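The values are calculated or read from the model by the stated rules, or taken from the named source; none is laboratory data. Everything numeric in this text was worked out from a predicted model, so none of it was measured. Methodologically, a virtual Cβ is constructed for each residue, glycine included, from the backbone with ideal geometry; neighbour enumeration extends over all protein chains shown. With ligands, DNA and RNA removed, areas are computed over all heavy atoms of the protein, side chains included. Shrake-Rupley method; radii C 1.70, N 1.55, O 1.52, S 1.80 Å.
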Amino acid sequence: MKRRNVLILIDAMNGGGAERVLSFVLRQIGTADFNCTLYLIVKEGIYLNQIDPNIQVRYLFAGDSSISNPVIRLLNKIYRAAAYRILFRLPFLLPFFCTVRKGEYDLAVSFCEGYNTILLGKIKNRFKACVQWLQVDVRNHEATFNPRAFDNAMQRMDAFVGVSAQTLEGFNKRYEKHGLNNKPQHIVYNPVDVDLIHKLAAEPFADFKTFTFLAIGRLQHQKRIDRLIEAHAMLINKGYDMQTIILGKGELHKSLTELCEKLNVKQSVRFEGFQPNVYTWLKKADVFVLSSDYEGFPGAVCESMTLAKPIVATTITGTVELLENGRWGLLTDTDSASLADAMERMLTDAVMRNRYSQLLAEHQGKFLFKNHIADVVQLITRYLPT
């Protein structure tokens, strides 16, 4: 029987949770009964080198990392920035620039909400079916600078996959007037590479010298690191000996460091940038903190649960399901004072921390997420032509 072809689209393979999940999927999908190709809006990102070499990678724009000549790299960046703005302001031009031919692939999957969604909407007639894989609550998510084109593309999809029940709930509320809630919908929890997490966490790493809260994520508004810094400052002002370490990089780095200076916590808040192995940091930290305004299925929470790490998380899409309304971790309101209160409880109550750690350690394999991609493969196969 002829193997069918699947095209998976995402903006780039940068250091976010969806990209990390996709890199895991692409490493494991080789045994599936279909061929898989990755299509990037920009060929760049730290997870590119983690993709199975047998996976073909195609792209709309070349990234900068593969260009050694600094002049050519600069010219490429200028060209890409200009072309990017033009094409996604005038998306009717996209089909002329995308080299994917009609009939080349049976199914296309937009693995995240972004410019890849707009592109797929414009070339939908080149595939037998198109699926949008929702990674966040789209009610709050500013996916692109062209929301009209994004909404139009969403309406062209044949089916939708949510990484949590609340993700689909938010999607249906936003697009109810468009009738998208009448199209096929599925819940597929993102798989987690449990074996790799434990392997990487076991690598040598020095203990922290003081009580440590750890946050992992891009420095962007969604993650609300400013809220975490404010909560941290409240605890420092109470006289606690502690530190907060933030792993990740992003456009808000400067403003967040300025906030630390303003609140006099520059010495106790550490920005450590992107780390290829966050799990050694997570294993040594005392408590993991997620301070986001919205998520879909926060992978860092899954990773913390895998390592039996006590968790403080804002009550948002994804965390309520993952933590089962507080069974596996401490949920808090989405304001600095509530977050500080929850962090203080974890800081001062060793019995609580040990209880959460023991509970998580004893129930490995019983969480919502799984350490295999069978559900992902099953969903993709469902929309492939027979």
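With all protein chains in place and ligands, DNA and RNA left out, the 1.4 Å accessible area ranks Trp133, Trp281 as Trp281, Trp133, largest first. Taking one equal scatterer on every alpha-carbon of the range 243-303, how large is log10 of I(q)/I(0) by Debye at q = 0.14 1/Å? Debye curve over Cα of the range 243-303, log10 I(q)/I(0) at q = 0.14 Å⁻¹: -0.46.
Taking the 1.4 Å solvent-accessible surface of the chain as the whole, the part contributed by carbon and sulfur is 50%. The trypsin sites (Lys or Arg not before Pro) found in the range 1-67 that occupy coil by DSSP, while having at most 16 further C-beta atoms within 10 Å, are Lys2, Arg3.
The packing ranking, built from the mean of other Cβ atoms within 10 Å per residue, places the peptides 285-292, 245-252 in the order 285-292, 245-252, highest first.
So what are the range 1-74's ellipsoid semi-axes, whole angstrom, largest first, if each one is the square root of 5 times an eigenvalue of the alpha-carbon gyration tensor?
Over the Cα atoms of the range 1-74, the ellipsoid semi-axes are 25, 14, 10 Å.
Dipole of the chain computed with +1 at Lys/Arg Cβ and -1 at Asp/Glu Cβ about the Cα centre; of Gly15, Cys112, Gln155, farthest Cα towards the positive end is Gln155.
What whole-number value in cubic angstrom gives the convex hull volume per residue for the C-alpha atoms of the range 316-380?
Details: hull volume 6.3 nm³, N = 65.
It comes to 97 Å³ per residue, whole-number rounded.
Pop a pseudo-label 7 angstrom from the Cα along the beta-carbon direction at both Arg345 and Phe97 and give the gap in nm to one decimal. Distance between the two pseudo-spin positions: 5.0 nm.
Once you wrap a convex hull around the alpha carbon atoms of the chain, what is its projected area averaged over all directions, in nm²?
On the way: hull surface 79.8 nm².
That works out to 20.0 nm², a quarter of the Cα hull's surface.
Which residues in the range 227-258 have a backbone N closer than 16 Å to a point placed 7 Å from the Cα of Asn264 along the Cα-to-Cβ line? So the set is 230-242. Calculated mean residue ellipticity at 222 nm for the chain: -11500 deg cm²/dmol, from DSSP H runs with n ≥ 4 weighted as -39500 (n - 2.57), summed, divided by the residue count and rounded to 500. Each of Trp133, Ala337, Ile67 was placed along the dipole of the chain (beta-carbon charges, centred on the mean Cα), and the one lying farthest toward the positive end is Ile67. Sites listed here are trypsin sites (Lys or Arg not before Pro) in the range 330-386 whose DSSP assignment is loop and whose Cβ has at most 10 other Cβ atoms within 10 Å: Lys366. Computed across the range 88-175, the Kirkwood radius stands at 13.2 Å (inverse of mean 1/r, all Cα pairs).
The largest-to-smallest principal axis extents of the Cα set in the range 175-272 are 54, 38, 25 Å.
On average, how much accessible surface per residue is there in the chain, in Å², for a 1.4 Å probe, leaving out ligands, DNA and RNA? Mind showing how you got there, number by number?
Numbers: 17300 Å² over 386 residues.
Counting only protein heavy atoms, the per-residue value for the chain is 45 Å².
Dipole magnitude for the chain: computed about the Cα centre from +1 point charges on Lys and Arg Cβ and -1 point charges on Asp and Glu Cβ, it is near 1380 debye. Debye-formula intensities of the range 1-128, expressed as log10 I(q)/I(0) at q = 0.09, 0.23 Å⁻¹, are -0.26, -1.46 (one equal scatterer per alpha-carbon, no solvent).
Filter the chymotrypsin sites (Phe, Trp or Tyr not before Pro) in the range 307-386 down to the DSSP loop ones having no more than 11 other Cβ atoms within 10 Å, then list what survives.
Details: sites: Trp328, Tyr356, Phe367, Phe369, Tyr383; in loops: Trp328, Phe367, Phe369, Tyr383.
Answer in residue order: no site qualifies.
Which whole-number value in Å³ per residue fits the convex hull of the alpha carbons of the range 269-386? Don't jump to the answer; show the numbers that get you there.
Values: hull volume 15.9 nm³, N = 118.
Taking only Cα atoms, the range 269-386 has a hull volume of 135 Å³ per residue.
Membrane-span-like helices in the chain (whole DSSP H runs, Cα extent of at least 24 Å along the helix axis, mean Kyte-Doolittle hydropathy of at least 0.0): 70-89.
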